[in-house]
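What follows is a short report on a single structure.
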């Protein structure tokens, strides 16, 4: 059953048996709250709201709660979390109830993962509603982010969207949190660009290097130096930053070589173990650099590495000088 169809069914009458499982906890938790709202509305009902954890609750206790009628209400909710922790023998104890559930009870089971071969799951699938919440794939991520922004009444540039997707994980919980920060940052504005994403979205070292590589490829010296100084402000050792830039160039060189062999973008993504939308951006970077630039860059990396280790000079200044020369040799 699709999630949208399930929500429509909830508006009519919550099913007696519901199993929610999967790794996408944001959507799963949303579904859990929708179930609670369908049964209790906005009120609290301690008499008819039973919550158990599979690790500590006895099966007999859960079954007793599910088998008794609600108190001064038409429905009750019995929730059991982390059902995957139940032993197979304990899961089998639910068989009789699953065959003939009490209509006035909504038995909600929640799990990270399930064994679809077990009788427990097969009975749930036959008698109730089973919903699986898979993590977003890299292919789905851009469309999901765009729709989430549209729901907030904001638009984003293509470059801004690509950068946003490269900086967040596939967790909807993280995505929603970062979008909320962006909306607060925008104020009355309704459009997002690369600068907005760079200003707000948290990123690690590799992502900063990605953006630095893009700035170098586009010849944007101001942004490139700003990013180098951002590393310094974060107390990142200049030698480490140099190694990260060198690694980024190696990746670009490999992507450029595969592109010259006329490999499809999907095949390049597989070989370099990067999401397709990230590879597309890396391809754009790599195609801006000539073979001569790559050769000059590697020589410059070696020169800067030796200078940092032997001269005793300002390593940060050496790093900035290297970036300026990279731009000049482009």
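The values are calculated or read from the model by the stated rules, or taken from the named source; none is laboratory data. All of these numbers come straight from a predicted model, not from anything done at the bench. We place every Cβ from the backbone using ideal geometry, glycine too, and count neighbours over all the protein chains shown.
Okay, here's what the table says:
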| item | result |
| --- | --- |
| Residue tally, condition surrounded by fewer than 19 Cβ atoms within 10 Å (Cβ to Cβ) and free of Cβ contacts under 8 Å to residues at least 60 places away in the same chain, over region 86-111 | 11 |
| The lone exception for residue 230 - which of (1) free of Cβ contacts under 8 Å to residues at least 40 places away in the same chain; (2) closer than 30 Å to residue 150 by Cα; (3) in a helix (DSSP H, G or I) it fails | (2) |
| Residue count, region 35-53 (criterion: under 30 Å from residue 140 (Cβ atoms) and surrounded by fewer than 16 Cβ atoms within 10 Å (Cβ to Cβ)) | 1 |
| Within region 143-169, tally of residues that are crowded, with 18+ Cβ neighbours inside 10 Å and either at pLDDT below 85 or part of a helix (DSSP H, G or I) (or both) | 11 |
| Filter result for residue 114 (surrounded by 14 or more Cβ atoms within 10 Å (Cβ to Cβ), over 19 Å from the mean Cα position of the chain (by Cα), modelled with pLDDT under 90 and under 30 Å from residue 69 (Cβ atoms)) | yes |
| Residue match in region 54-70 (condition: touching a residue at least 60 places away in the same chain (Cβ under 8 Å), surrounded by fewer than 18 Cβ atoms within 10 Å (Cβ to Cβ) and out of contact with any strand residue (DSSP E or B) (no Cβ under 6 Å at 6 or more places or on another chain)) | no |
| Pairs with Cβ under 8 Å, 6+ apart, first in region 307-320 and assigned by TED's automatic domain parsing to the domain that holds residue 237, second assigned to a loop (DSSP other than H, G, I, E, B) and surrounded by 10 or more Cβ atoms within 10 Å (Cβ to Cβ) | 307/313; 315/237; 318/311 |
| Region 117-131, residues that are part of a loop (DSSP other than H, G, I, E, B) and closer than 18 Å to residue 65 by Cβ | 128 |
| Residue in region 133-155 that is closer than 30 Å to residue 49 by Cα and in contact with a strand residue (DSSP E or B) (Cβ under 6 Å, 6 or more places away or on another chain) present | yes |
| Qualifying residue in region 215-222 (condition: farther than 21 Å from residue 324 by Cβ and either at pLDDT 90 or above or assigned to a helix (DSSP H, G or I) (or both)) | no |
